[in-house]
1. Relative contact order for the range 194-302 using alpha-carbon pairs under 8 Å, separation at least 6, rounded to a whole percent?
2. Per-residue counts of other Cβ atoms within 10 Å, averaged by peptide: what ranking do you get for 49-58, 139-148, 124-133, highest first?
3. Can you tell me the FRET efficiency between Leu162 and Glu47 if r is taken as the Cβ-Cβ distance and R0 is 25 Å, rounded to the nearest 0.05?
4. Going by C-beta contacts inside 10 Å, put Asp201, Asp289, Asp151 in order with the fewest on the left.
5. Express the C-alpha Rg of the range 256-304 as a ratio against the empirical globular expectation 2.2 N^0.38 Å, rounded to two decimals.
6. State, to one decimal in nm, how far the label point of Asp220 lies from the label point of Val36, with both points 7 Å from Cα in the Cβ direction.
7. Can you pull the Kirkwood radius for the range 194-302, inverse mean 1/r over Cα pairs, to one decimal in Å?
8. What length, rounded to one decimal in nm, is gained on full extension from Val196 through to Ser278, with 0.36 nm per residue of separation minus their alpha-carbon distance?
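No value in this document is a laboratory result; all are computed from the given coordinates. Every value quoted in this text rests on a predicted model; they were computed, and no experiment measured them. Cβ placement follows ideal geometry from the backbone for every residue including glycine, while neighbour counts extend to all protein chains displayed.
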Amino acid sequence: MAPKAKSKAAVPPPPEPEPPKDATAGDPDESSRRRVWVYGVNEGCEEPGIDLLKDFQATGRFRADFAALCLKAKVIGHPAFMPSPEPAEVRQAASPTADAAEGGALPPPRESAVLSVQSKLLDRASLQVLRLALASSRHLETLRLSGCSLDVEMLGILRSSLTFDTTVSTLHIDWNPAEVPHDAETAQQAAHVNNVQELMDLERQRDQQQAGRLLQSFRDQLEARRGSLKAALAILCLAASPGFAATAKLEPLDVSSWTAAFKSGLGVEAEDSQRVFSILDGPPYGPGDGLVSPQRLEEVLSAL
């Protein structure tokens, strides 16, 4: 009789591999740390207020405190104010092993007394956190912002930051034509209901307000140079049409003749006069034909 074949024992299937754990699970703030700042990333965030300073352990170094306050406020901080990544050799030198070998911890790097940002587009949330961080940054003496496109509201935030207990004694802002901010609340409501026409009306209204501010500033500039608007326009006409002063005011000028007359007669930079030309050449002041007369300039500026 043939021996019975031995039955093979059932081999249990291998256990399914566990799905990789999400490194950000359980830490609601971790995802915020990994996000990158882009303009508009902080829209909709709660405005960082003075309550953030409650129980806040400041280091006294601006960039470190700014980063910590951004984390606490769940705001993506602007990279111009964040700490710079440390090179590998610096991290190695600051490690506990290196500290023990040297006989003690390395002192933190000394931060500059000047905080300077140039040609960076800033956002309101970062400036609101900056306002709070300045209170503990006792090493700062000068804040310089150049070409950062600050609007009126952002300038107000900077102004309020200097009313805190701060060591900053100099605020330097240049290359910054102040722009009228959007009506954020109305714009948000219009966007929520997808009201495109209302958004366009808001933008048109803001452009008109901005144009009015620029024209008023230009008038003040002309009066400061020649004592009165009338005297400045008389010199402009002589520069635009020498020998034809009686009719020069009525003569339409193209943008090249316009900027040349302002530069030679009044010393006004082409950038400033060209900006005014663009306003007067478009609605609601002009037909957009690329020509503006000194008389039209006088009419608009006199009505301000």
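1. With pairs under 8 Å counted, the relative contact order is 25 percent.
2. Going by the mean number of other Cβ atoms within 10 Å, highest first, we get 124-133, 139-148, 49-58.
3. Here the calculated transfer efficiency is 0.85.
4. Asp289, Asp201, Asp151
5. Normalised Cα radius of gyration, the range 256-304: 1.09.
6. 4.0 nm
7. 14.5 Å
8. Using 0.36 nm per residue and subtracting the Cα-Cα distance, I get 26.9 nm.
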